[in-house]
Amino acid sequence: MKIVSLLPSATEIVCGLGLRDQLVGVTHECDFPESVQVLPKVTETLIPSDASSAEIDQLVSERMASEPSLYKLDMEQLVELAPDLVVTQELCNVCAVPLGEVEQVFERMAIRPRLVNLSPTKLEDLYASIQEVGRVAEVPEIADQYLGQLRRRVATVVSRVTGRSRPHTALLEWLDPPFSAGHWNPELVRLAGGIDGLNVEGAPSRRLGWAEVIDYAPEVIVIACCGFSTERAKQDLPIAEAVPGWTNIPAVRDDRVYFFDGSQFFNRPGPRLVDSLEMLAEAI
């Protein structure tokens, strides 16, 4: 079976199921595991790589108001690869090629591929996504075993934090302007032993005002900027430090502000959300 993944998290699911050798195409953002980086790329971004966080926010807002996506799909490449299975998502057009654009390409293919649409908003949805890919790719037993491993790791974290104090935690996925991390992330905060008072489980990420963050007075701040490495996210810390009242936040005062690689972990609804949970629990 020839598989094309149109989402980094889907690529990680496919490889987690032992199907790396069946991958024939991925997106320009797919970089884990490292071996997938040599595969043909079927997408490219329309956002400049050197834009500041504020500029990216403005470009995203402007483009999403007039265009359906921030990505360009290489239709000729996808047709040439002639996949049997395409894995994509319909959750967020900021994160991947829209489903409708993918279906338009299918109309040009002699044999229409099977399409798996993954749109997880919670951990249980991730588990269901892994099962669905395993079913369609004809490795359901492997998917069950893989899920068992992930569930056991989650249970271990939950058992470790049970009975401990639960600090108010702010998980931010952008700093200029600030955004609370949504979907699965508030759930991760709860499972890791914290309380997320800036968003609710399953809800989309939400634009905040800095006053809202300061008024919440989080005891722990976790910053995992969407699409950014740890080093790139840290470049925006002076933006937060310049906000009046920043130094009075308990998390800042107690030196409990943590940066993580959002691109690799918290932003991707793939198997490494369990890694994200483990790191989050350690920080909290």
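The values are calculated or read from the model by the stated rules, or taken from the named source; none is laboratory data. The model shown is predicted, which means the values in this text are computed figures rather than measured ones. Note: ideal-geometry Cβ built from the backbone for every residue, glycine included; neighbour counts use all protein chains shown.
What to note about this one:
- First in region 148-176 and more than 28 Å from G16 (Cβ to Cβ), second anywhere and surrounded by 15 or more Cβ atoms within 10 Å (Cβ to Cβ) and among the hydroxyl-bearing types (S, T, Y), Cβ under 8 Å, 6 or more apart: H168/Y216; A170/S180; A170/Y216; L175/S53; D176/S53
- The residues on offer are E132, E173, and the sole one that is over 18 Å from E12 (Cβ atoms) and charged (D, E, K, R) is E173.
- If you go through region 230-248 and keep only what is touching a residue at least 24 places away in the same chain (Cβ under 8 Å), surrounded by 15 or more Cβ atoms within 10 Å (Cβ to Cβ) and out of contact with any Gly (no Cβ under 7 Å at 6 or more places or on another chain), you end up with T230, D236, I239, A240, V243, W246.
- Check on T121, buried (at least 17 other Cβ atoms within 10 Å of the Cβ) and either among the hydroxyl-bearing types (S, T, Y) or in a helix (DSSP H, G or I) (or both): yes
- Single residue of A211, A155, A170 found to be aliphatic (A, V, I, L, M), under 21 Å from the mean Cα position of the chain (by Cα) and farther than 30 Å from E76 by Cα: A170
- Filtering region 58-84 to residues that are among the aliphatic types (A, V, I, L, M), within 22 Å of the chain's Cα centre (by Cα) and at pLDDT 75 or above leaves only L73.
- Residue match in region 126-146 (condition: touching a residue at least 12 places away in the same chain (Cβ under 8 Å) and of a type in the set (K, R)): no
- Counting only residues that are touching a strand residue (DSSP E or B) at 6+ places or on another chain (Cβ under 7 Å) and surrounded by 20 or more Cβ atoms within 10 Å (Cβ to Cβ), region 1-18 holds 8 of them.
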